[in-house]
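Take a look at the structure set out below.
No lab work stands behind these numbers, since they all come straight from the coordinates. Not measured: the values here are computed from a predicted model. Heads up, the Cβs are rebuilt from the backbone with ideal geometry, glycines too, and the neighbour counts pull from every protein chain shown.
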Amino acid sequence: MQIADLGDIKLHYREDGDPAGAPIVFANSLGTDFRLWDKIVPRLPEGLRIIRFDKRGHGLSDCPPGPYSMGMLVRDTERLLDHLEIKDCVFVGLSIGGMIAQGLAVKRLDLVRALVLSNTAAKIGQPEMWQDRIAATRQNGIEALADATMERWFSRPFRETVELSAWRNMMVRQPVEGYIGCCAAISGTDFYTPTSGLRLPALGIAGSEDGSTPPDLVRETVNLIPGSKFHLIRKAGHLPCVEQPEEYTAALTEFLREIGHI
């Protein structure tokens, strides 16, 4: 188990692959820990330095009192990469992880040479929606949101598999304060203007059945970055890296080759 002590917070992270390889960093979604990428990591080409981490309030990282801001989450990530002496990484962010990716690239272009914006957007939902979700979670816990969330996260065929229970369990076992804190961070984020100023290679990935960040929303966001690419994964919801890991990894690997990262 690897823990980065960043002073005011300790983050749980994991490294795989070649310690001297080209770095690729993965940031996961709201309500998940870094096991989100378990099906992707073994399928990646050899020679990469692969870093995954639990953002604050999730997994085995510290869970300080909320609410959190997106700037706070970006700063945590920035300090983690500095702690690990990572420069020029490809940063893969899904959902809130994709928001962190955008904020990090705007703030520290020395850390990020390319972005993969997966099932995310420059702005997700409206503040009122997030405030309703925060209120419901405070009153009834994450359990009250779980079934509706699974419908947004996964396609109907996947929801009929036994694996669904594990993802539902992962979500409801996240710390309530961490979940609410990150909801507040998403609620307060609108990256349309800063993301439109980015000039770096970018790939957008969307799932055709995504009820949280539909394909058009992902495409709209990645199109803010000139020269970006877009890949739609069919028969997948909000977490296509779980439902369609072969296609997800193939799209990611092709992008890495195109930009000379492998």
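Tally the residues that are in contact with a strand residue (DSSP E or B) (Cβ under 7 Å, 6 or more places away or on another chain) and aromatic (Phe, Trp, Tyr), restricting the search to region 41-92.
Counting residues in region 41-92 that are in contact with a strand residue (DSSP E or B) (Cβ under 7 Å, 6 or more places away or on another chain) and aromatic (Phe, Trp, Tyr) gives 2.
Which pairs have Cβ atoms under 7 Å, sit 6 or more apart or on different chains, and link a residue in region 243-262 that is under 13 Å from Val116 (Cα atoms) to one that is part of a helix (DSSP H, G or I)?
The qualifying pairs are Tyr248/Pro240; Tyr248/Cys241; Thr249/Arg43.
Take the residues in region 62-87 that are surrounded by 17 or more Cβ atoms within 10 Å (Cβ to Cβ) and among the hydroxyl-bearing types (Ser, Thr, Tyr), then tell me which one is farthest from Thr189 (Cα to Cα).
So the residue we want is Thr77.
Taking the criterion of being closer than 18 Å to Thr221 by Cα and in contact with an Asp or Glu (Cβ under 8 Å, 6 or more places away or on another chain), would at least one residue in region 94-105 satisfy it?
Yes, because at least one residue in region 94-105 is closer than 18 Å to Thr221 by Cα and in contact with an Asp or Glu (Cβ under 8 Å, 6 or more places away or on another chain).
Restricting attention to region 15-53, which residues are over 15 Å from the mean Cα position of the chain (by Cα) and assigned to a strand (DSSP E or B)?
Of everything in region 15-53, those that are over 15 Å from the mean Cα position of the chain (by Cα) and assigned to a strand (DSSP E or B) turn out to be Glu15, Asp16, Gly17, Ala22, Pro23, Leu48, Arg49.
Is there any pair with a first residue in region 69-83 that is more than 15 Å from Val106 (Cβ to Cβ) and a second that is surrounded by 15 or more Cβ atoms within 10 Å (Cβ to Cβ) and among the charged types (D, E, K, R) whose Cβ atoms are under 7 Å apart and which are 6 or more apart or on different chains, and what are they?
Taking only residues 6 or more apart or on different chains, the pairs are Asp76/Lys55; Asp76/Arg56.
Which residues, taken from region 203-262, are under 26 Å from Leu48 (Cα atoms) and acidic (Asp, Glu)?
If the condition is that a residue be under 26 Å from Leu48 (Cα atoms) and acidic (Asp, Glu), then Glu243, Glu246, Glu247, Glu254, Glu258 are the ones that fit.
Please work out which residue is farthest from the chain's Cα centre (by Cα), limiting yourself to region 69-98 and to residues that are β-branched (Val, Ile, Thr) and within 15 Å of Val112 (Cβ to Cβ).
Ile86
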